[in-house]
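Here is the structure we will look at, set down as structure tokens.
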Ligand SMILES: Cc1cc2nc3c(=O)[nH]c(=O)nc-3n(C[C@H](O)[C@H](O)[C@H](O)COP(=O)(O)OP(=O)(O)OC[C@H]3O[C@@H](n4cnc5c(N)ncnc54)[C@H](O)[C@@H]3O)c2cc1C
Ligand code: FES
Ligand code: FES
């Protein structure tokens, strides 16, 4: 399977990437790890005229501590996240999440920026960025801005990114009491249901992916939570339009969501 | 576009179309047909090679993305006529039947053992999640990798 013809440009700065996006508009696509984009191009679901490879931008693959926050460059691979000492000690929930993405080869190429920008409804990171209240740092022709995770995901493969914007980094608060629970699609290993839970004092933040066409904060669970985990988990899909596909119909998916919220709350 | 890639220690330079996959480049331009293409859609792992030391699926990497990188394919594992310990272990443990998946299995095994020289059976199975085998039932592949670890660790 061979994609339609395209031009390829490897850039060395964010500005260069943004200028190309501005110049080519819809016909340009950012290329990071390529592990969502290249398969889609091979199937001709996507046929950009020019690929703008951002993998060589200096510093966009760093993981640093900034006071009480951890800043992760958009080009960090899932493997870099799994293996980062800083993330394992200060943001363990993200390492847990990255560890269950795809397989080792996919983790060696795919990036956090690419996964968030792609916004696959079955991707893992969205649950965790939501539960952690992470911030997505982006840059476009009008400069830099920061988007709260809760404002970022807008629908299936749809985000708050403008056409000329790229994600440069993701900023997380340090989280010590979090965990991620996932029910795998048996072949691709994407999430049929993925639940991230962050506990703070007596309250809890719950992010859910795979269940609806947009990942969401399960506010009904958060409000019902009082340490009585079983009951709060029953609210996992309150007010949510649950997806139905050949992996799981809506009824089964709703059931799984409740079971995995319960597991994550009790873990 | 002109690219220059080090494959199995040798530097190659070619003018390629951006849409050519690395797997295609290895097989069709360099004639290194040990890297197999099974699904061509990132599912089966038959095309696994190492890129700067890490296992990746070469069907889902453009040759232009590997410009300036070091690639090792199954052809680069043996030392002259002496098989690599992972290859020897596959031979001794009946780790292959038809052999179609084997180059990808060996390259993934190299990544597993690089990061974890003494993996448990469970860790090996977790490491092989991206590699399909239609013949062996995996049992002897896992055994081969365990045995390879013992050989390498002496
Ligand atoms: C076999 C297989 C199994 C997988 N299993 C899982 C799984 O279990 N869970 C999971 O979450 N994911 C899974 N994935 C997806 C994988 O994690 C991808 O790597 C990820 O979704 C995309 O990251 P990428 O760097 O490869 O992005 P690319 O493919 O390079 O890009 C994806 C999209 O994002 C855009 N983009 C990339 N980077 C940026 C940026 N910095 N700013 C703005 N736009 C950008 C691109 O233009 C493109 O539209 C799987 C993929 C495969 C092939
Ligand atoms: S041929 Fe590349 S993963 Fe199957
Ligand atoms: S030995 Fe035949 S596919 Fe693995």
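What follows draws every value from the coordinates through simple rules; no lab data is involved. Quick caveat, the model's predicted, so the values are computed rather than measured. Ideal geometry is used to build each Cβ from the backbone, glycine not excepted, and the neighbour counts take in all protein chains shown.
Across peptide A:8-17, the mean count of Cβ atoms from other chains lying within 10 Å of each residue's own Cβ comes to 2. Beta bridges assigned by DSSP with both partners in the protein assembly as shown are antiparallel in approximately 85 percent of cases.
Evaluate peptide B:46-58: per residue, the Cβ atoms of other protein chains within 10 Å of its Cβ; return the mean as an integer.
Details: counts 0, 1, 4, 1, 2, 3, 1, 1, 7, 7, 8, 7, 1.
Mean partner-chain Cβ count within 10 Å for B:46-58: 3.
Note on A:109-119: average number of Cβ atoms from other chains within 10 Å of each residue's Cβ is 1. Label-to-label distance for residue B:114 and residue B:82 is 2.1 nm, based on points extended 7 Å past Cα in the beta-carbon direction.
With each label modelled as a point 7 angstrom along the Cα→C-beta vector, the residue A:184-residue B:1 pair spans 3.3 nm.
For chain A, the alpha-carbon coordinates run over 55, 45, 33 Å along the three principal axes, in decreasing order.
Run the numbers on chain A and let me know its relative contact order in percent, using alpha-carbon pairs under 8 Å that are six or more apart. Intermediate results must be reported in sequence, preceding the final value.
Details: 610 pairs, mean separation 42.3, N = 267.
Across chain A, relative contact order equals 16 percent.
For the peptides B:20-33, A:175-188, the ranking by mean Cβ contacts within 10 Å, running from highest to lowest, is B:20-33, A:175-188. Per residue, the Cα convex hull of region A:111-267 amounts to 108 Å³. Averaging the Cα positions of each part gives two centres, and for region A:92-164 and region A:217-250 these lie 22 Å apart.
Order the peptides A:259-267, B:107-115, A:156-164 from the highest to the lowest mean number of other Cβ atoms within 10 Å of their residues.
On the way: A:259-267: 20.6, B:107-115: 22.1, A:156-164: 15.1.
So the order, starting with the most tightly packed, is B:107-115, A:259-267, A:156-164.
For region A:44-81 and region B:53-81, what is the separation of their Cα centres, given in Å? That distance is 22 Å.
The mean sequence separation of alpha-carbon pairs under 8 Å and at least six residues apart, normalised by the residue count of region A:178-266, gives a relative contact order of 28 percent. Estimated purely from DSSP H runs of n ≥ 4, each contributing -39500 (n - 2.57), the mean residue ellipticity at 222 nm for the protein assembly as shown is -8500 deg cm²/dmol once divided by its residues.
Pairs of alpha carbons in region A:104-196 separated by more than 21 Å make up 33% of all such pairs.
For chain A, a Gaussian network of Cα nodes joined below 10 Å ranks A:123, A:17, A:224 by mean-square fluctuation, and the top entry is A:224. For region A:63-173, what does the relative contact order come out to in percent, with C-alpha contacts under 8 Å and a separation of six or more? RCO, region A:63-173: 29 percent.
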